[in-house]
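Note sheet for the following structure.
The values are calculated or read from the model by the stated rules, or taken from the named source; none is laboratory data. Just so we're clear, the structure is a prediction, and the values are computed from it rather than from any experiment. Heads up, the Cβs are rebuilt from the backbone with ideal geometry, glycines too, and the neighbour counts pull from every protein chain shown.
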Protein chains: 2
Amino acid sequence: MFNPVEKLKEFIRQPSVSTDPKFRDGMKGAQEFVAGLFGSLGFKVDVVKTDLHPIILASHGTDASWPHVLIYGHYDVQPAEPLNLWKTPAFEPTIIGNRIYGRGAADNKGPLMTNIAAVAQLLAENPRLPLRITFLIEGEEEMGSPSFPKFLAAHQERLKSADFVYLSDTALPNENQVVITAGLRGLALFDVHLTGAKGDLHSGLHGGVLRNPIQALAEIISTLHTPEGRVNVPGFYDDVLEVEPWERAELNKLGADEKQYAEFLGIDTFYTTPGFSPFESSRFQPTLEFNGIGGGYQGEGTKTVIPSKAFAKISCRLVPNQQPDKIKKLVMDTICARTPKGVKLEFVDQHKGDPYVVVPPGRSNTPKDQSPVLARAFRAADAAVNEVWGRPPLYLREGGSVPIIADIKRVTGLDSVMFGLFLPEDNLHAPNESFNLEVMKKGIETTKRILAATAKR
Amino acid sequence: MFNPVEKLKEFIRQPSVSTDPKFRDGMKGAQEFVAGLFGSLGFKVDVVKTDLHPIILASHGTDASWPHVLIYGHYDVQPAEPLNLWKTPAFEPTIIGNRIYGRGAADNKGPLMTNIAAVAQLLAENPRLPLRITFLIEGEEEMGSPSFPKFLAAHQERLKSADFVYLSDTALPNENQVVITAGLRGLALFDVHLTGAKGDLHSGLHGGVLRNPIQALAEIISTLHTPEGRVNVPGFYDDVLEVEPWERAELNKLGADEKQYAEFLGIDTFYTTPGFSPFESSRFQPTLEFNGIGGGYQGEGTKTVIPSKAFAKISCRLVPNQQPDKIKKLVMDTICARTPKGVKLEFVDQHKGDPYVVVPPGRSNTPKDQSPVLARAFRAADAAVNEVWGRPPLYLREGGSVPIIADIKRVTGLDSVMFGLFLPEDNLHAPNESFNLEVMKKGIETTKRILAATAKR
């Protein structure tokens, strides 16, 4: 049996930034590392070519009468910039205390390694476990999984033979409380580009004559929220799913502390959807967010130009049952209508993802046709978490997005059991990302128990 | 006698970007070039050290009974970025047709070389010309001349012995019409920085919880103008000088065409101070402009962060009798009052400059105590321009800023004769800057005649 922490180090050392062509070697290294690891565990490994980054399928067990779990993960990571804010090198894993630092440590290499290690230990202890296991590890999660729909369509028969999906790419609220994610937000992303004059202009000679695209962009952006914090786009909330009473009750059990959360974020005032607490707002409500803005001179000192161009990067997080294409159109139409004269407007479309919701057994809104193996997995998770962590899991929707979960559901009908493993302080998508090794240890034990209990009786 | 175009090429080849420490060698090269050139013309040259870039003083003629002209110029240039938009290398002078291309060709190396060549030719033809000439060439104009006030205070006695200042760092409306600039706008510049959370955050996990500093910045910016185009800051227009009827009449003689101007800028709608044409607005009215904006992710693709920080670079162009410090305080106080909760506001102060106005002889508002040598210089300019260009000059205020002109006036009492030499199509402060060599030739002849007529009778 391999040492999970040492293997995780090897994995982090591969700088697998999927969005940046400079990291081609890192992507290849990560992919070969994953394929090699499954090979060494006796899995049948297929490296499925896509238009961009290959998807790895690794299978164990062939008896069609056994339950079949599809375990998802991704080997790509976010860009590490700004590098100057990292205290340790982004791609040189460094253990400090009970944490391992490095880009991808928590998203998703650490949690994925947790599940691989669990399976490896389980099969080492019980080589004849009556459970089919297929790992599906993609390399485009951080860029919106553009190759995934084509892959799903081509491999849907093989995937449909699974009973449910299992993954760890969601969050724990703290290291004592497991959350099984019952819903994910979707995504709709695009860029807005404005052009004023045909080139940058001297702000003295021409200032006072034309509309500055930075000003026009600010005017548009400033209209997209109400002062109270609602997205100010007609129709934006039309399809938002009502929150069930059991969901609010489950969230209350979390006992999250607003003061602590504000301190963690470093803010003195929340700005939520009106009528929702911060913890509710990020889980149950959609957003329209500005991920970046640029235009004109950004260096030291001054450059007195009226810039020709300005842009903003916009992302909406969507909740069930909002549809990304519909939301994109609503927001783009609104921006169009609110663009002042004197500037030209262009959109650059980016990726998107559907929101997702799954209801565990025994809730008021559990679907009547829920798969028995899925229900057994949820009950196994209840028991295993209770045993390993000393308290049962909470079932909560969360604010993040794993768009392929909804894609899988749409194409194959499979629901997902999302066992959260990263913590708020893990700094996902930010400098000094890290993963808690104590959580990893408990995660391995929990996944072992869940999979063991899901196997054929 | 030297060849002015060849000397100008040598001058442009020195990459003298004053704001960027990377160009230290270029600054030194430009300074040595200028000092060497005056040395070769028999001038007494002083290279005056400052805290940053030296100022060159070069004098000819010592008879205190002779009129004394102080000729101003600057050897520094704007940054050349974005370099990819240059069609020829920014610091390799290239002649195409009757234009010389290169950073600084028009601002200010070409016009300065025009005046140096005029003086060189004049003295070659008449070595005993009864005129004292002092060139004052600074190296910090493009960064707001931070060392100039200290220099002025230290050298005011020497400068006060001059009768007026002569310079070519302003614009011609077209190559057939000379404009002698009767006023300049001032400047007040600063940056606005907003901070939300203490670090960049995952927009899924935390989206919907806090105010995004990009949104807050846009909200602030969007309030700083009325929809009609006035600066929406209480008190901003309080000290704006009324426009004199002769100024509007002089501008009307220019016969500028709005349609052509819109085509030149590449816009389909003007956005001026209400009640002012584009040509009036940029000359007679102040502005509040956004020179740059930045925050969050600006690369290709997407990065789904809520950024911690966002900033904007703001510059106000001021008209007489607005005061930069007063305007900075008004705008900063307004921004302060309009900053929403949940973000921290900081200002980074940048440079400033007073606006300036001078009235030529014979106008309704000409000061009664105007210096006789200055009045003679203005009348000499009328005659020389008429002879060389076939029509008299127009006296117009312009939108650009040469803050040291107001500084000189304040400290020494000297007014300036500003003989414009660059054209709108010269692309100042922008890629593909160039200078018209035909204008240079006529400029040399005009300056020769003005200085000859200003000499002692």
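Which residues, counting only those in region A:417-427, are modelled with pLDDT of 90 or more and at the interface with chain B (Cβ under 10 Å from one of its Cβ atoms)? If you could, list the steps in order and put the result at the bottom.
As a first pass, look at region A:417-427 and keep what is modelled with pLDDT of 90 or more: A:417-423, A:425-427.
Hits for region A:417-427 are A:F422, A:D426, A:N427.
For region A:259-277, a residue qualifies if it is part of a helix (DSSP H, G or I) and either closer than 21 Å to A:G400 by Cβ or within 9 Å of chain B (Cβ to nearest Cβ) (or both), and the qualifying residues are A:Q260, A:Y261, A:A262, A:F264, A:L265. Among the conditions (1) within 14 Å of chain B (Cβ to nearest Cβ); (2) touching a strand residue (DSSP E or B) at 6+ places or on another chain (Cβ under 9 Å); (3) surrounded by fewer than 20 Cβ atoms within 10 Å (Cβ to Cβ), the only one that A:A106 does not satisfy is (3). With respect to the stated conditions, B:E247 fails to be charged (D, E, K, R) and either in contact with a Lys or Arg (Cβ under 6 Å, 6 or more places away or on another chain) or not in a helix (DSSP H, G or I) (or both).
Within region A:398-447, being among the basic types (K, R) and under 14 Å from A:V357 (Cα atoms) holds for A:K409, A:R410. Filtering region A:210-243 to residues that are acidic (D, E), at pLDDT 95 or above and farther than 30 Å from B:F290 by Cα leaves A:D238, A:D239. Across region A:162-178, not a single residue is classified as more than 8 Å from chain B (Cβ to nearest Cβ) and farther than 30 Å from A:P361 by Cβ.
Screening the candidates A:L136, A:L159, A:L131 for the property of being touching a helix residue (DSSP H, G or I) at 6+ places or on another chain (Cβ under 7 Å), crowded, with 19+ Cβ neighbours inside 10 Å and closer than 15 Å to A:I56 by Cα yields one hit, A:L159. Could you check, for region B:413-424, whether at least one of its residues is outside any strand (DSSP E or B), of a type in the set (V, I, T) and closer than 20 Å to B:N108 by Cα? The answer is no, given that none of the residues of region B:413-424 is outside any strand (DSSP E or B), of a type in the set (V, I, T) and closer than 20 Å to B:N108 by Cα.
Taking B:V359, is it over 30 Å from A:F190 (Cβ atoms), modelled with pLDDT of 95 or more, in the same structural domain as B:Q370 (by TED's automatic domain parsing) and not charged (D, E, K, R)? Answer is yes for this residue. Report yes if some residue within region A:225-238 is assigned to a strand (DSSP E or B), more than 8 Å from chain B (Cβ to nearest Cβ) and under 24 Å from the mean Cα position of the chain (by Cα); otherwise report no. Yes - at least one qualifying residue is present in region A:225-238.
Counting only strands (runs of 3 or more DSSP E) that fall entirely inside region A:300-401 and contain at least 1 residues that are in contact (Cβ under 8 Å) with a residue 24 or more places away in the chain and away from chain B (no Cβ under 12 Å), the qualifying elements are A:344-353, A:394-397.
Could we say that B:N84 is assigned by TED's automatic domain parsing to the domain that holds B:P403, surrounded by fewer than 23 Cβ atoms within 10 Å (Cβ to Cβ), touching a helix residue (DSSP H, G or I) at 6+ places or on another chain (Cβ under 7 Å) and over 20 Å from B:R132 (Cα atoms) here?
Values: assigned by TED's automatic domain parsing to the domain that holds B:P403: yes; surrounded by fewer than 23 Cβ atoms within 10 Å (Cβ to Cβ): yes; touching a helix residue (DSSP H, G or I) at 6+ places or on another chain (Cβ under 7 Å): no; over 20 Å from B:R132 (Cα atoms): yes.
Spelling it out, it is not the case that B:N84 is assigned by TED's automatic domain parsing to the domain that holds B:P403, surrounded by fewer than 23 Cβ atoms within 10 Å (Cβ to Cβ), touching a helix residue (DSSP H, G or I) at 6+ places or on another chain (Cβ under 7 Å) and over 20 Å from B:R132 (Cα atoms).
Taking each residue of region A:1-21 that is modelled with pLDDT under 95 and looking for partners that are part of a helix (DSSP H, G or I) with beta-carbon atoms closer than 7 Å, six or more apart or interchain, yields A:M1/A:A120; A:M1/A:Q121; A:M1/A:A124; A:F2/A:A120; A:T19/A:E142; A:T19/A:M143. Taken as a whole, the condition of being touching a His at 6+ places or on another chain (Cβ under 7 Å) and within 23 Å of A:F419 (Cβ to Cβ) does not apply to A:S371. In the set B:A197, B:A216, B:A256, only one residue is touching a residue at least 24 places away in the same chain (Cβ under 8 Å), facing chain A (nearest Cβ under 7 Å) and small (G, A, S); that residue is B:A197.
Scan region A:278-299 for residues that are at the interface with another protein chain (Cβ under 7 Å from one of its Cβ atoms) and not small (G, A, S) and jot them down.
Restricting attention to region A:278-299, the residues satisfying the condition of being at the interface with another protein chain (Cβ under 7 Å from one of its Cβ atoms) are A:278, A:281-282, A:285, A:287, A:289-298.
Within region A:278-299, A:P278, A:Q285, A:T287, A:E289, A:F290, A:N291, A:I293, A:Y297, A:Q298 meet the criteria.
Considering every residue within region A:77-87, establish whether at least one is of a type outside the set (V, I, T) and over 30 Å from B:Q298 (Cβ atoms). Within region A:77-87, not a single residue is of a type outside the set (V, I, T) and over 30 Å from B:Q298 (Cβ atoms). In region A:173-220, the residue that is surrounded by the most Cβ atoms within 10 Å (Cβ to Cβ) out of those that are in contact with a strand residue (DSSP E or B) (Cβ under 6 Å, 6 or more places away or on another chain) and of a type in the set (V, I, T) is A:I214.
Here B:K352 fits the description: modelled with pLDDT under 95 and surrounded by fewer than 24 Cβ atoms within 10 Å (Cβ to Cβ). Scanning region A:262-290 for residues that are touching a residue at least 60 places away in the same chain (Cβ under 8 Å) and over 19 Å from the mean Cα position of the chain (by Cα) gives a single hit, A:F264. Selection within region B:428-438: residues that are buried (at least 24 other Cβ atoms within 10 Å of the Cβ) and at pLDDT 95 or above. The member of this set that is nearest to B:A188 (Cα to Cα) is B:E433.
Please determine whether any residue of region A:342-362 is among the aromatic types (F, W, Y) and farther than 24 Å from A:P234 by Cβ.
yes
Restrict the check to region B:211-226 and report whether at least one residue is farther than 30 Å from A:L265 by Cα and of a type in the set (K, R). The answer is no; no qualifying residue exists. Annotation for region B:393-412: no member residue is aromatic (F, W, Y), in contact with a strand residue (DSSP E or B) (Cβ under 7 Å, 6 or more places away or on another chain), at pLDDT 95 or above and closer than 18 Å to B:E142 by Cβ.
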